[in-house]
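Novice: Once you've had a glance at the structure underneath, I'll fire off some questions.
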Amino acid sequence: MSGDFFPHLNAVLLSGLQALKVGGDARDSLRLSAILLNEGLSLAAIEQQEKDVARLATASALRVIFEQSVAHQKLANIYDEYAKVLSSILIEKERPIFEWKHMKPFFAAVLYMLDLNDVRMELLFGPLKELMAYCHANDILRKELYSDAFLPAIGKLVSSLLSMISSDRLSNSSRIDALLLLQRVLAESPVETVAMFLPGTLMKLTELMRLSSLAAGILCNCTRAYSLTITRALSNKEWETVAGDDEAVASASSASVSKPDAKEVKDLRVKRDKKWFTETAEKVRTLICLSCPVLASHESELVRGELLTFLDELRHAEKPFGDSLLRLHVDIGSILLSDSSTSVQNQARGFLDSVQARHETAYSAYVYELLKKIQCELAAASNGEENGASPGAPDANFMVNPRLLDQVLSLIRILPDLRVLCFSGAFRGFLQAIFSLIAVDTARLPVVSCEIDNLQGMVEYLLKIPFIPLNTA
């Protein structure tokens, strides 16, 4: 085959183009081309130069076949075979022969095909991954891929990836692959570009993260993409730059789009001034508060652990939020202190320690507020005032609000860090409210050996007492 490889391949590709001219399609030609390429490019007997020429000739033929198929409305018939041929020539990324002039039409074709009706996205996702990997492996191609001139196509790429991630027609592994590719795009794109994608990306990811039925792997990777979007677009560094000098930021933004297509690109970009950061942070906070409680109660400890990692990563973008995320941090952290997984418990403890160290005054103030709130809820439960019960009802206990006991125990675990607060009247009232609802199971009361001459010992003692609801005492 070595002497006939390129002439045979060239003849097959020409036959496809001729078929398009007379109203046919290039499906059979593309199918045979893929077979020839897979066989020929793997043969050591064929010289590397001939292989390179064959790949370049195929690239030119694919561009014309795509354009003619669109013009003759034949694209739906050949997209799967087109994808196979494209994957066949995107090899040897460490020794690229394709320039940006070749890669750009490939991206245009694949992104266009993804919008076809009834398209099998998994057949196109393979060559899309190959295209991205080919560009990421070469500095020149990577720079072109994320340049201002290609910005609209990157926007379409992000939209297509989000559609793949949301599609239940794809396997879990394919959806995770799409998430991994999205994360790479978010990491490689300029900050200004990530800011453009932030609203649509976070809205779609929030929608997915609230579906507790999704596989743990999908939810974990959604959370990582979520974190990457926020920490890049709203980073402390970006906020400090804007807060320091709005005029300098405006000047830098103008300089970054000083190209022939500057006006088109400038129309796409957002003006990232103080107002944008403040308003965006508030909207993002709302989305975070919608998704986090669902993740905190997910059955997989991997998801719950990934949630804590995400909340901890937000420290890199906390300045635009101020203290507005503190309540969520304390609420989620305190809930996961009582997690069934020791690993998650330890992670929650470390997370809360970090939050307190950075926001000591606000942290203490909120825990005090939480203390009073739970005390009121305990009092209401004691009086039978929850869920329409009559005041003083005999069955009033923690079972009226199943999460109330968890909240109480979690709050007790936080209190050792608040030594002054614990000895205040608020803490005494809190304990009185607890003991109005519970009794001690004396049959299971252990011999507690811990020292209680300090605050930590007292809390450990409390946590070891086997409490039972009053109605079962």
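The values are calculated or read from the model by the stated rules, or taken from the named source; none is laboratory data. Since we're looking at a predicted model, the values are computed, not measured. Note that we place each Cβ from the backbone using ideal geometry, even for glycine, and neighbour counts take in every protein chain shown. With ligands, DNA and RNA removed, areas are computed over all heavy atoms of the protein, side chains included. Shrake-Rupley method; radii C 1.70, N 1.55, O 1.52, S 1.80 Å.
Novice: Using protein chains only and a probe of 1.4 angstrom, how many square angstrom of Glu50 are accessible, to the nearest 10?
Specialist: 50
Novice: For Glu299 and Glu92, what does the FRET efficiency come to when R0 = 35 Å and r is the distance between their Cβ atoms, rounded to the nearest 0.05?
Specialist: For R0 = 35 Å, the calculated efficiency reads 0.20.
Novice: Using a 7 Å offset from the Cα along the Cα-to-Cβ direction at both Ala71 and Arg349, what is the distance between the two label points in nm, to one decimal?
Specialist: For Ala71 paired with Arg349, the spin-label model returns 7.1 nm.
Novice: Heavy-atom accessible area per residue, the stretch 98-211, 1.4 Å probe: how many Å²?
Specialist: Heavy-atom accessible area per residue stands at 41 Å².
Novice: Just subtract the alpha-carbon distance of Ala187 and Leu123 from 0.36 nm times their residue separation and send over the number in nm, one decimal.
Specialist: 20.5 nm
Novice: Something else: Over 30 Å between Cα atoms, which of Lys21/Lys101; Lys237/Lys372; Lys274/Lys372 qualify?
Specialist: Numbers: Lys21/Lys101 25 Å; Lys237/Lys372 37 Å; Lys274/Lys372 35 Å.
Over 30 Å Cα-Cα: Lys237/Lys372; Lys274/Lys372.
Novice: Something else about it: Need the full-extension length gain, Lys101 to Lys156, defined as separation in residues times 0.36 nm minus the C-alpha distance. One decimal, nm.
Specialist: 17.9 nm
Novice: Something else about it: Heavy atoms only, probe 1.4 angstrom, no DNA, RNA or ligands counted: give me Arg63, Arg349 ranked by accessible area, highest first.
Specialist: Descending accessible area places them as Arg63, Arg349.
Novice: Compute log10 of I(q)/I(0) for the stretch 49-202 with the Debye formula, placing one identical point scatterer on every Cα and leaving out solvent, at q = 0.08, 0.15, 0.19 Å⁻¹, to two decimals.
Specialist: Reported log10 I(q)/I(0), two decimals: -0.22, -0.81, -1.28.
Novice: Projecting each Cα onto the charge dipole of the stretch 1-123 (Lys/Arg +1, Asp/Glu -1 at the beta carbon, about the Cα centre), which of Gln73, Ala45, Ala34 comes out farthest on the positive side?
Specialist: The Cα lying farthest towards the positive end belongs to Gln73.
Novice: Right, next: Once neighbouring chains are kept in place and the probe is 1.4 Å, which whole percent of the accessible area of the stretch 5-61 is contributed by carbon and sulfur? Walk me through the numbers on the way to the answer.
Specialist: Details: 1590 of 2750 Å².
Answer for the stretch 5-61: carbon and sulfur cover 58 percent of the accessible area.
Novice: Enter the per residue convex hull volume of the stretch 24-98, computed from alpha-carbon coordinates, in Å³ rounded to the nearest integer.
Specialist: Taking the convex hull of the Cα positions in the stretch 24-98, it is 80 Å³ per residue.
Novice: Mind checking the stretch 66-161 for trypsin sites (Lys or Arg not before Pro) that DSSP puts in a loop (not H, G, I, E or B) and that have at most 13 other Cβ atoms within 10 Å?
Specialist: Details: sites: Lys74, Lys84, Lys93, Lys101, Arg120, Lys129, Arg142, Lys143, Lys156; in loops: Lys74, Lys93, Arg120.
Those satisfying the criteria are Arg120.
Novice: Given a 1.4 Å probe and the protein chains all in place, what does the accessible area of Arg224 round to, in Å² to the nearest 10?
Specialist: Spelled out: Arg224, probe radius 1.4 Å, area about 100 Å².
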